[in-house]
1. For Ala7, work out the one condition from (1) surrounded by fewer than 16 Cβ atoms within 10 Å (Cβ to Cβ); (2) within 20 Å of Asn83 (Cβ to Cβ) it doesn't fulfil.
2. If a residue has to be within 21 Å of the chain's Cα centre (by Cα) and more than 15 Å from Val265 (Cα to Cα) to count, how many in the range 301-331 make the cut?
3. If Gly41 passes every condition in (1) surrounded by 21 or more Cβ atoms within 10 Å (Cβ to Cβ); (2) out of contact with any Leu (no Cβ under 6 Å at 6 or more places or on another chain) but one, which one does it miss?
4. All but one of (1) of a type outside the set (Asp, Glu); (2) closer than 30 Å to Pro314 by Cα; (3) at pLDDT 90 or above hold for Leu94; which doesn't?
5. Out of all the residues in the range 297-328, which are modelled with pLDDT of 95 or more, buried (at least 23 other Cβ atoms within 10 Å of the Cβ) and not hydrophobic (A, V, I, L, M, F, W, C)?
6. Just for strands (runs of 3 or more DSSP E) wholly inside the range 42-127: which have at least 3 residues that are touching a residue at least 40 places away in the same chain (Cβ under 8 Å) and out of contact with any Ser or Thr (no Cβ under 9 Å at 6 or more places or on another chain)?
7. Going through the range 264-282 one residue at a time, which ones are of a type in the set (Val, Ile, Thr) and assigned to a helix (DSSP H, G or I)?
Amino acid sequence: MIKKKLALIIISLDECFAQKGFSGGGHKVTKHLIEGLVASGKFIIDIYCKKSSAKEIDGINSITVLGSNNFKNNLQTCLKSENYDYILSSDILLPFANNLIHSNSSKHKSKNGKNKFLQQVLKIYNAGKIKLQEKNIPRDKAVFTVSESLKNDYLINFNLDKKKVFVCYPAVDDYSEFMPSAKKDIFTIGSMAGGGLNKGGYLLLFALKRLPKTSKLKARIIFPKFHKALLFKTMINVLGLKDKIELLPKQANMQEYYKSIDCYVLPSLNEAFGLVVPEAASNFKPSIVSSTTGVRELIKDGENGFIFNRKKFPVKNLVDKLMEVENIYFNDNEKFMEISKNAHEISTKLDWKEFVDTIIDNMVRECHCEK
């Protein structure tokens with residue numbers, strides 16, 4: 001078999017192959033994309049990126065670091081000197097490449113504001129990003145998305161040909177054996193918060209504040225950029241939640257973290273997928289997810305996890321769902337264990353090879369030189 005030449009464009013190899021702790025979901029996806037392309041044995045792969053301390057990776061022909069300044073122009077210059085059969089971009093939207101997309105479009109985020117006023121503010125704030133995405137969205141290449149909702153985002157907002165947009169769900173790395181745990185006196189939820197409003201960390205704080213005093217729920221919240229958590233810590237203190245929340249930095253061992261909780265909460269406003277949910281599921285931990293996340297497509301409320309309405313009265317709806325799940329845990333623990341086992345099936349049905357094969361099988365073959 002004659003191998004095809006493939007150029008893979010990414011932001012950072014260092015983030016994909018992080019030496020300490022976990023990488024973000026998008027970086028994990030790119031890492032498995034690289035490993036899957038190598039494992040297929042079908043390509044001679046050259047990687048072009050903005051950042052990498054690695055000089056070589058097993059199975060990769062070359063790694064070219066172009067830096068952030070003038071990246072696109074420098075990239076096109078490099079590509080013109082080669083005759084690639086395929087160009088595939090992950091993390092960076094490029095008009096001359098097949099694109100793997102990990103995040104919602106700026107158009108979608110602007111429309112997804114809480115009210116008409118905020119939507120207009122976001123539209124103005126994101127105007128530059130929207131214009132750039134409209135310019136760079138490929139019209140004659142394949143677009144790969146990590147969920148059906150993300151696919152619909154780009155189909156609707158950029159009027160793409162639906163025959164060239166494909167869904168490839170991410171998978172998880174490991175699966176745990178089922179270890180039934182004794183019901184505890186405290187119901188522990190896990191979550192991950194960022195510095196902005198998009199991930200829903202502050203929404204979760206407001207929901208925890210509104211729980212009844214009889215609630216036995218506590219939270220272990222990871223704040224990856226812990227040195228930037230001052231505002232979040234201040235809000236915890238202002239809301240009087242210091243005894244209810246354990247705030248954690250980036251975790252070196254996520255498996256141990258998942259084992260320490262009973263249920264994961266993903267309260268994001270915009271989340272293309274939400275890889276933490278199947279990761280938690282692989283450890284037999286069900287999740288409460290918002291109705292605006294891509295991973296909700298895999299959840300059947302009350303069967304293998306839980307969904308709360310994020311669009312109207314999100315704080316109240318999250319409070320109600322937290323109370324519902326806590327009640328199941330304490331008063332019908334057998335049902336909670338059944339839901340936990342059903343959640344595990346989410347993770348076992350996802351497959352990295354299928355993810356990569358979807359991309360390989362549907363890449364549009366076209367030389368890049370004309371653009």
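The values are calculated or read from the model by the stated rules, or taken from the named source; none is laboratory data. Values in this document were obtained by computation on a predicted structure and should not be read as measured data. Using ideal geometry, Cβ is built from the backbone for each residue, glycine included, and neighbour counts are taken over all protein chains shown.
1. That leaves (1) as the condition not met.
2. In the first step, residues of the range 301-331 are kept if they are within 21 Å of the chain's Cα centre (by Cα); the result is 301, 304-311, 314, 318.
The next check asks that each one be more than 15 Å from Val265 (Cα to Cα); those that pass are 311.
Residues in the range 301-331 being within 21 Å of the chain's Cα centre (by Cα) and more than 15 Å from Val265 (Cα to Cα): 1 in total.
3. (1)
4. Single failed check for Leu94: (2).
5. Correct list: Gly305 only.
6. 86-90
7. Step one: of the range 264-282, the residues of a type in the set (Val, Ile, Thr) are 265, 276-277.
Scanning the range 264-282 gives Val276, Val277.
To keep it simple, each residue is scored yes or no on (1) within 16 Å of Gly200 (Cα to Cα); (2) touching a residue at least 60 places away in the same chain (Cβ under 8 Å).
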site: Val276; (1), (2): yes, yes
site: Phe284; (1), (2): no, yes
site: Val295; (1), (2): yes, yes
site: Pro314; (1), (2): yes, yes
site: Lys321; (1), (2): yes, no
site: Ile346; (1), (2): no, yes
